[in-house]
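Colleague: Quick one: structure below, then a few questions.
Each reported figure results from applying straightforward, stated rules to the coordinates on display, with no laboratory input. Quantities reported herein were computed from a predicted structural model and do not represent experimental measurements. Backbone-built Cβ (ideal geometry, glycine too); neighbour counts: all protein chains shown.
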Amino acid sequence: MTKKRILYIGGSGIISAACVRRSLERGHEVTVLNRGQSSSRPIPDGVRVVHGDIRQPDSVRDALGSEEFDSVAEFFAFTPEHVQTDVDLFEGRTGQYVFISSASAYQTPPSRMPVTESTPLRNPEWQYSRDKIACEDLLVGLYRDRGFPATIVRPSHTYDEQTIPTSGHWTDLARMRDGRPVVVHGDGTTQWAITHASDFAVAFTGLLGRPEAVGDAFHITGDHAPTWNQIYTWLADALGVEADLVHVASETIARAHPPLGPGLVGDKAHSMVFDNSKVKALVPEFATTVAFSDGARMIVDWFLAHPENQKEDPELHALFDRLVEHARSI
C-alpha cells in the first residue's frame, strides 16, 4: 500500500477521530487541522496537529502554507459557503477532496428501500439536510465544470462509546436506571441503520486516495438496522434494568418540544435501510463488526466510568413526564 498524505479538517469528532486512528494504523502520513480546543477524543501520537480555524482562511494558509495532500477530508463543512472556502484553499493542492454529507439528505421518507446512492436527495423537514444537499450540488457542478476532485460520503447514524443515539441521550438512561418510563418515537418498530465509528472508518479510509472514488458519492452506513425498540431495550439491558417503553408519535414530540422536531420528523421517524454494495465494491473489507447489542454495552460502560458526563436535562425530564402522562391517559 502506498503511503498517502492525508489532511483531516477536524479530527476529534465521533467519526473523524476513528478515521484519523485508522489512517494512522494504515501507515499514512496524517495531519489534523483544528482549533486546538480540548476534546474527550484525543489525537493519537504520530499524528501531526496544526492549529487553524477553517472559518478564517488566512489562519489555514498560515498553518499549512503551500503544502499539498493526496486527500483532504472535510468533517466541518455544513453550508455551500463553507465548501467554497475549502475549494478556494485546496484546489490544485489535493488529488481528492472528501466532503462529509449526510444520509439524511436522501428522499424523506424514502419511496423505496433499500436506499441506494441513486435515491433522490430531498428532505423537506430538516434544514441541516437541505444545506448538505446544496453543498453536494456545488461540488457536483465543480467536478463537471472543471474537474474539482470531489468525493461525497454520506454517513447515517454513526456513534462511538461516548454518544447515546436516543433523543434524550443520558437523560433516557438515567430514567431507565431510576425505573422511570422512557419515550420512544412512533411505535418503535421502524428500522434504523446505526453504525459504529470504527466500522465506518474502515470504509472511509479505504476510499482515500482512490481515483475510482473521485467524482462520485457513497453512503457508509453498515448493514445493521435494528428497530428503535431494540435500541432502547439493549441500552436498558446494558444498565441491568428492564425498559419501560412508552410510544408517542414523532409529530406529537415535535410539537411538544420543537428542537427535537427536525431530527425526528425529518430523519428518525422513518425506516432507513441501505444497500452498501457500492462502497463494498471498492472497500471489500468493510463490514459491520459491532452490532448495537454490543455497542450499547460499550456506551454504558463508558458513561459509568465517566460520571462527569452523566448530564441529565431537567427540561427533557419534564417533557417526557408530560408525554408519558398524556399517552397513558388516552
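Colleague: Take the alpha carbon gyration tensor of the stretch 283-330, find the square roots of its eigenvalues, order them as a ≥ b ≥ c, and report rounded if a/c is under 1.5; if not, report prolate when a/b exceeds b/c, else oblate.
Modeller: oblate
Colleague: Taking just the alpha-carbon atoms of the stretch 79-153, what radius of gyration and Dmax come out, in angstrom?
Modeller: Considering the stretch 79-153 through its Cα atoms, Rg and Dmax are 13.2, 40 Å.
Colleague: Hey, can you list the DSSP H helices of the chain whose Cα span along the axis is 24 Å or longer and whose average Kyte-Doolittle score is at least 0.5?
Modeller: Qualifying helices: none.
Colleague: State the three equivalent ellipsoid semi-axes of the chain, derived from the C-alpha gyration tensor as the square roots of 5 times its eigenvalues, in descending order and whole Å.
Modeller: Details: eigenvalues 249, 95, 70 Å².
Here the semi-axes work out to 35, 22, 19 Å.
Colleague: Now for a different question. Any idea what the relative contact order of the chain is, in percent, if you count C-alpha pairs under 8 Å spaced at least 6 apart?
Modeller: 18
Colleague: Let me ask something else. Extension gain Asp244-Val49, at 0.36 nm per residue separation less the Cα-Cα distance, in nm? Before the final figure, lay out each step's value.
Modeller: Numbers: separation 195, 0.36 × 195 = 70.20 nm, distance 4.57 nm.
Gain on extension, Asp244 to Val49, equals 65.6 nm.
Colleague: By how many nm would the segment from Ser277 to Asn309 grow when fully extended, if each residue of separation counts as 0.36 nm and the alpha-carbon distance is taken off?
Modeller: On the way: separation 32, 0.36 × 32 = 11.52 nm, distance 3.74 nm.
Here the answer is 7.8 nm.
Colleague: Compare the peptides 194-203, 156-165 by average per-residue count of other Cβ atoms within 10 angstrom and give them in order, highest first. If you can, show how the numbers build up before the last one.
Modeller: Working: 194-203: 23.3, 156-165: 20.0.
Answer by packing, highest mean first, reads 194-203, 156-165.
Colleague: Just want the answer: with Cβ charges of +1 for Lys and Arg and -1 for Asp and Glu, which residue in Val265, His306, Gln230 is farthest toward the dipole's positive end in the stretch 206-330?
Modeller: With unit charges placed on the Cβ atoms, the residue in question is Val265.
Colleague: Another one. Remind me, relative contact order of the stretch 1-129 in percent, using alpha carbon pairs under 8 angstrom and six or more residues apart? Spell out each step's value before the answer.
Modeller: Working: 181 pairs, mean separation 27.4, N = 129.
Worked out over the stretch 1-129, it gives 21 percent.
Colleague: Using the Cβ atoms and a cut-off under 9 Å, what net charge is assigned to the surroundings of Phe218, where Lys and Arg are +1 and Asp and Glu are -1?
Modeller: Numbers: positive: Arg154, Lys278; negative: Glu117, Asp216.
Net local charge, Phe218 excluded: 0.
Colleague: Number of Lys-Lys pairs in the chain under 26 Å by Cα, sequence gap 8 or more or different chains?
Modeller: Lysine pairs meeting the criterion: 10.
Colleague: Using 1/(1 + (r/R0)^6) with R0 = 56 angstrom and r between the beta carbons of Arg61 and Gln191, what's the FRET efficiency to the nearest 0.05?
Modeller: Given R0 = 56 Å and the Cβ-Cβ separation, E is 0.75.
Colleague: Quick one: 3J(HN,Hα) in Hz for the stretch 117-122, Karplus 6.51/-1.76/1.60 with θ = phi - 60°, rounded, Gly and Pro as x.
Modeller: Running phi through 6.51 cos²θ - 1.76 cosθ + 1.60 with θ = phi - 60° gives 5, 8, 4, x, 9, 6 Hz.
Colleague: Would you mind putting 109-117, 288-296 in packing order, based on average other-beta-carbon counts within 10 Å, highest first?
Modeller: Answer by packing, highest mean first, reads 288-296, 109-117.
Colleague: Apply the a/c threshold of 1.5 to the C-alpha gyration tensor of the stretch 91-228 and tell me whether it is rounded, prolate or oblate.
Modeller: prolate
Colleague: Normalising by the residue count of the stretch 93-178, find the relative contact order in percent from Cα pairs under 8 Å and 6+ residues apart.
Modeller: 36
Colleague: Give me the extension gain from Arg297 to Thr116: residue separation times 0.36 nm, minus the current Cα-Cα distance, reported in nm with one decimal. Present the calculation step by step, with values, prior to reporting the outcome.
Modeller: Numbers: separation 181, 0.36 × 181 = 65.16 nm, distance 3.05 nm.
Result: 62.1 nm gained on full extension.
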